[in-house]
Amino acid sequence: MEASNVQSQLRQNDANLQRAKANLTSQQSALTEAEATLKRYQTLMKSDAISRQELEQQQAKARAARAAVQAANAEIAQVQAQLDDSRHQRKKAEVLAPADGIITQRSAEVGNLTDNNALFHLTRNGELEATVEASAEELSLLKTGLQTEVQVLDQTTSGQIRLLSSQIDQTSRTGKVRIQLQNPAQITLGTPALALIRLPEMRANTTLPLSAVNFNADGTAFVMMVNRNKQIERRPISLGEVNQGTAEILSGLKVGEQVLQKAGALMNEGDRVEVVVKE
């Protein structure tokens, strides 16, 4: 980016630093001379070769020389801070890529002012990836590392999920799934794609239609089952995975126990029912 102003300020601050260091050297020399003279005056004072006033005047000169050295050091620290800031501003004018790759999008134009938006989008090492959209329900079933097949035009290439979006778009109600492609060489950036994701197989020992599951105010689940006396009994359960209208039962029921498929508000615990088996 344009760096003439910050480069000029950098050179000026560097020159100020060199001048401040030269001033410090001069003040240190003056202090050395003032302290040496003060020692001679103190020796002469013992033999009454000089007056008390002359000694005090030399002591004042030595104190002034020390103060001048301190001021020179403070000036160097101030100029050094300005120089560091100029170097930082100069470095900000350099746009460096974090890795080798291909520029896939450029928003920087000659003459424009910069803001907080990205100037360039880079494909690291030239490796393309597929970005597909999935609903919130679909995202809950996915995880990084799952194998996928990506169909692009008449090509099919394999890949795996690299990153799942942590945010759902408020308009489309979908989140983004980023898929790392194993062979993207023949795929052009921006081409529409369809991803087929293989979900891991899951075997549930006990399942029920989701319509048979009820929930308490605190979120705990229960079912209305039929006991041996053909009476309705309320039974707490623990739920596992829920998918496409089917709920996995982790605990609370045994295989073979009878449960009301739709336990409406008119069904109360203790009611007697007649079981009807559909053929």
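The values are calculated or read from the model by the stated rules, or taken from the named source; none is laboratory data. Computed from a predicted structure; not experimentally measured. Note that we place each Cβ from the backbone using ideal geometry, even for glycine, and neighbour counts take in every protein chain shown.
General observations
- Exclusive hit being in contact with a Gly (Cβ under 7 Å, 6 or more places away or on another chain) and assigned by TED's automatic domain parsing to the domain that holds G190, set L139, L153, L146: L139
- Residue pairs meeting the criteria (Cβ under 6 Å; at least 6 apart or on separate chains; first without any contact (Cβ under 8 Å) to a residue 24 or more places away in the chain, in segment 153-177; second acidic (D, E) and surrounded by 14 or more Cβ atoms within 10 Å (Cβ to Cβ)): T156/E149
- Inclusion of V110 among residues that are within 30 Å of L189 (Cβ to Cβ), without any contact (Cβ under 8 Å) to a residue 12 or more places away in the chain and either basic (K, R) or out of contact with any Ser or Thr (no Cβ under 6 Å at 6 or more places or on another chain) (or both) is warranted.
- Residue, farthest from E241 (Cα to Cα), within segment 130-139, restricted to residues that are out of contact with any strand residue (DSSP E or B) (no Cβ under 6 Å at 6 or more places or on another chain) and exposed (fewer than 14 other Cβ atoms within 10 Å of the Cβ): A136
- Candidates T25, T114 - the one that is out of contact with any strand residue (DSSP E or B) (no Cβ under 7 Å at 6 or more places or on another chain), hydroxyl-bearing (S, T, Y) and at pLDDT below 90: T114
- Filtered residues of segment 231-252 (kept if modelled with pLDDT under 85 and either over 53 Å from the mean Cα position of the chain (by Cα) or part of a loop (DSSP other than H, G, I, E, B) (or both)): Q244, G245
Matching residues to (1) free of Cβ contacts under 8 Å to residues at least 24 places away in the same chain; (2) more than 48 Å from the chain's Cα centre (by Cα); (3) in the same structural domain as L119 (by TED's automatic domain parsing):
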site	(1), (2), (3)
L31	no, yes, no
K39	yes, yes, no
A74	yes, no, no
R87	no, no, no
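- Scope segment 138-191; condition closer than 13 Å to L128 by Cα and part of a loop (DSSP other than H, G, I, E, B); matching residues: Q182, N183, P184, A185, Q186, I187, T188, L189, G190, T191
- Q261 vs. criteria in contact (Cβ under 8 Å) with a residue 40 or more places away in the chain, in contact with a Pro (Cβ under 8 Å, 6 or more places away or on another chain) and either exposed (fewer than 13 other Cβ atoms within 10 Å of the Cβ) or not basic (K, R) (or both): yes
- Counted residues, segment 1-24 - those being surrounded by 12 or more Cβ atoms within 10 Å (Cβ to Cβ) and polar (S, T, N, Q): 6
- Within segment 38-58, being surrounded by 15 or more Cβ atoms within 10 Å (Cβ to Cβ) and among the polar types (S, T, N, Q) holds for one residue alone: Q58.
- Segment 208-220 - residue that is in contact (Cβ under 8 Å) with a residue 24 or more places away in the chain and part of a strand (DSSP E or B) and, of those, surrounded by the fewest Cβ atoms within 10 Å (Cβ to Cβ): P209
- Matching residues in segment 219-251 - criterion: being more than 11 Å from A204 (Cβ to Cβ) and in contact with a Gly (Cβ under 7 Å, 6 or more places away or on another chain): Q231, I232, R235, P236, I237, S238
- Yes/no for R228 being surrounded by fewer than 17 Cβ atoms within 10 Å (Cβ to Cβ), farther than 30 Å from L260 by Cα and among the basic types (K, R): no
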